[in-house]
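*Asks:* Below you'll find the structure I mean.
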Amino acid sequence: MGALGKSFMLLAVGCLFAGTFICGTACADTVILKQGQTLTGEILADKSTHIYLDIGFEVLTIPKTGILEYEYSGDDGEQQIVAEKSAEVASSVRLSGRLYKTANLKKTTIEEGVERVSEAVVKVSSPAGMGSGFFLNEDGYLITNYHVIEKETRIEVTVFRSTANGFEKSKFKKVKIEAINPFVDLALLKVEALGESKVKYAYLGDMDRMEVGQAVFAIGNPLGLERTVTDGVISTKNRAFEGLVYIQTNADINPGNSGGPLFNLAGEVVGVTNMGYIFFGGLGFAIPIDYVKHFIDNRDAFAYDKDNPNTGYRYLQPEPRRNRQKPGFLKSKGQ
């Protein structure tokens with residue numbers, strides 16, 4: 001943490017008691033910092049990158065990158081959550097052995113949503129082609145489609161980081177296949193040797209909170225056009241194909257989008273894009289997030305092993321017999 005960050009944290013801790021005393025928890029807005037401190041007061045302004053909090057005797061400018069959650073207090077005294085879940089909830093998710101996190105984020109615009117989550121989306125490349133994916137956590141675990149890496153072990157992941165001059169690309173060639181499920185078309189990868197690199201990750205949403213007509217957007221690399229954003233709505237939540245249920249959307253899904261996330265307006269992943277009709281616009285499909293969670297939670301059952309014939313390699317069946325007559329050794333026995 002830099003000197004400015006340390007100074008802010010000291011100021012926040014020093015102001016915690018005073019802000020609580022003046023405003024009172026029953027009527028005050030609440031800000032929970034990622035370091036665990038809680039500030040109370042009145043939120044005067046909510047900007048795209050900062051919020052301004054009046055703690056009674058001073059107004060604090062707090063960058064959103066340092067905020068875990070902030071809540072507004074309604075007139076009836078009930079607080080309305082408008083950002084991420086508390087640190088306690090987030091910690092319990094990781095302690096349970098899960099690789100992903102969930103949250104109940106505030107809905108916003110597509111523009112702000114893209115700014116919030118675009119760095120979590122990556123490009124996944126192999127000698128056979130390329131697709132998309134997204135990080136599940138800061139440790140480098142990511143999800144993509146199985147068909148993006150099918151029959152391949154040399155995988156490269158390109159990460160896009162936002163800078164003052166735009167996005168810069170970092171390529172990672174040491175990528176491990178953790179688990180695959182060809183039947184649901186999902187693969188779990190891990191970028192190794194991240195070093196000092198910090199990666200952004202996306203929160204997973206909840207199918208129960210999805211509604212037909214809800215606005216969504218996809219980020220991916222269709223036809224190699226990196227970081228392309230398309231938007232639409234959920235056309236239906238349960239379109240059936242070959243025994244599986246898919247989310248149908250009119251957001252454009254093209255080759256290269258495969259494995260990328262489908263977001264709701266809160267920036268939560270609600271599906272993994274994997275199919276689209278090139279010649280019929282408005283027909284895109286995504287794997288529901290419930291399938292994704294089940295795959296990750298049961299990743300040991302789908303663990304990748306290059307020596308196991310069930311790891312996704314397709315073995316060719318022997319050609320059928322061309323001579324339909326009975327084998328000679330049977331004839332010799334009078335059969």
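The values are calculated or read from the model by the stated rules, or taken from the named source; none is laboratory data. Note that the structure is a prediction, hence the values are computed from the model and not measured. With ideal geometry, Cβ positions are generated from the backbone for all residues, glycine too; neighbour counts draw on all protein chains shown.
*Asks:* Which of the residues belonging to the stretch 131-141 are farther than 14 Å from T273 by Cα and either hydroxyl-bearing (S, T, Y) or not in a loop (DSSP other than H, G, I, E, B) (or both)? It would help to see each step written out before you state the result.
*Replies:* Going residue by residue through the stretch 131-141, those that are farther than 14 Å from T273 by Cα are 135-141.
Hits for the stretch 131-141 are F135, Y141.
*Asks:* Which residue, of G166, G205, G224, G232, is surrounded by 21 or more Cβ atoms within 10 Å (Cβ to Cβ) and of a type in the set (G, A, S)? Outline the logic, then answer.
*Replies:* Details: G166 fails: surrounded by 21 or more Cβ atoms within 10 Å (Cβ to Cβ); G224 fails: surrounded by 21 or more Cβ atoms within 10 Å (Cβ to Cβ); G232 fails: surrounded by 21 or more Cβ atoms within 10 Å (Cβ to Cβ).
Only one candidate passes the filter, namely G205.
*Asks:* Looking at the stretch 125-139, can you tell me whether even one residue there is in contact with an Asp or Glu (Cβ under 9 Å, 6 or more places away or on another chain) and over 28 Å from Y246 (Cβ atoms)?
*Replies:* The answer is yes, given that some residue of the stretch 125-139 is in contact with an Asp or Glu (Cβ under 9 Å, 6 or more places away or on another chain) and over 28 Å from Y246 (Cβ atoms).
*Asks:* Would you mention how many residues in the stretch 278-289 are modelled with pLDDT of 95 or more and either under 17 Å from N181 (Cα atoms) or of a type in the set (V, I, T) (or both)?
*Replies:* Start the filter on the stretch 278-289 by keeping residues that are modelled with pLDDT of 95 or more, which leaves 285-289.
Still in the list and also either under 17 Å from N181 (Cα atoms) or of a type in the set (V, I, T) (or both): 286-289.
Qualifying residue count, the stretch 278-289: 4.
*Asks:* For the stretch 154-192, how many residues meet the condition of being touching a strand residue (DSSP E or B) at 6+ places or on another chain (Cβ under 7 Å) and assigned to a loop (DSSP other than H, G, I, E, B)? I'd like the intermediate steps shown before the answer.
*Replies:* As a first pass, look at the stretch 154-192 and keep what is touching a strand residue (DSSP E or B) at 6+ places or on another chain (Cβ under 7 Å): 154-161, 167-173, 175-180, 184-192.
This time we only want the ones that are assigned to a loop (DSSP other than H, G, I, E, B), so: 154-155, 173, 184-185, 192.
Residues that pass the stated criteria total 6.
*Asks:* If a residue has to be among the polar types (S, T, N, Q), touching a residue at least 24 places away in the same chain (Cβ under 8 Å) and not in a loop (DSSP other than H, G, I, E, B) to count, how many in the stretch 41-72 make the cut? Working first, answer last.
*Replies:* Here is the first cut: in the stretch 41-72, the ones among the polar types (S, T, N, Q) are 48-49, 61, 65.
Going one step further and asking which of them are touching a residue at least 24 places away in the same chain (Cβ under 8 Å), we end up with 48.
After this cut, where a residue has to be not in a loop (DSSP other than H, G, I, E, B) as well, the list is none.
Summing the residues that are among the polar types (S, T, N, Q), touching a residue at least 24 places away in the same chain (Cβ under 8 Å) and not in a loop (DSSP other than H, G, I, E, B) in the stretch 41-72 gives 0.
*Asks:* Related question: Give the stretch 161-186 a look and list any residue that's of a type in the set (D, E) and in contact (Cβ under 8 Å) with a residue 12 or more places away in the chain, or say none. Before you say what the answer is, go through the steps one by one.
*Replies:* Residues of the stretch 161-186 of a type in the set (D, E): 168, 178, 185.
E178, D185 - these are the residues of the stretch 161-186 that are of a type in the set (D, E) and in contact (Cβ under 8 Å) with a residue 12 or more places away in the chain.
*Asks:* In addition: Are any residues in the stretch 267-294 under 15 Å from A187 (Cβ atoms) and more than 14 Å from the chain's Cα centre (by Cα), and if so, which ones?
*Replies:* N274, H294, listed by residue number.
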